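Below: one structure, written as structure tokens.
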């Protein structure tokens, strides 16, 4: 008898980036659009960046 797999956790979509369309790219972790390029760009979206910061704070 096998145990059923847990249901995937629903995750909200990150807010749309407020930058020029040429600076938008996919988040490295979740692939959602984020401010990836140019001044202030980051390879992670707001939600993935927050998860990383929480994980780092818990170390």
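Here are the numbers for the structure shown:
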{"item": "Pairs with Cβ under 9 Å, 6+ apart, first in the stretch 2-15 and at positive phi and surrounded by fewer than 10 Cβ atoms within 10 Å (Cβ to Cβ), second modelled with pLDDT under 70 and not in a loop (DSSP other than H, G, I, E, B)", "result": "none"}
{"item": "Any chance residue 14 is at pLDDT 95 or above and touching a strand residue (DSSP E or B) at 6+ places or on another chain (Cβ under 9 Å)", "result": "no"}
{"item": "Selection within the stretch 1-57 - in contact with a helix residue (DSSP H, G or I) (Cβ under 9 Å, 6 or more places away or on another chain) and outside any loop (DSSP other than H, G, I, E, B)", "result": "34, 35"}
{"item": "Single residue of the stretch 20-42 satisfying the filter (under 21 Å from residue 54 (Cα atoms) and more than 9 Å from the chain's Cα centre (by Cα)) that is surrounded by the fewest Cβ atoms within 10 Å (Cβ to Cβ)", "result": "40"}
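The values are calculated or read from the model by the stated rules, or taken from the named source; none is laboratory data. Predicted model, so just to flag it, every value in this text is computed and none were measured. Using ideal geometry, Cβ is built from the backbone for each residue, glycine included, and neighbour counts are taken over all protein chains shown.
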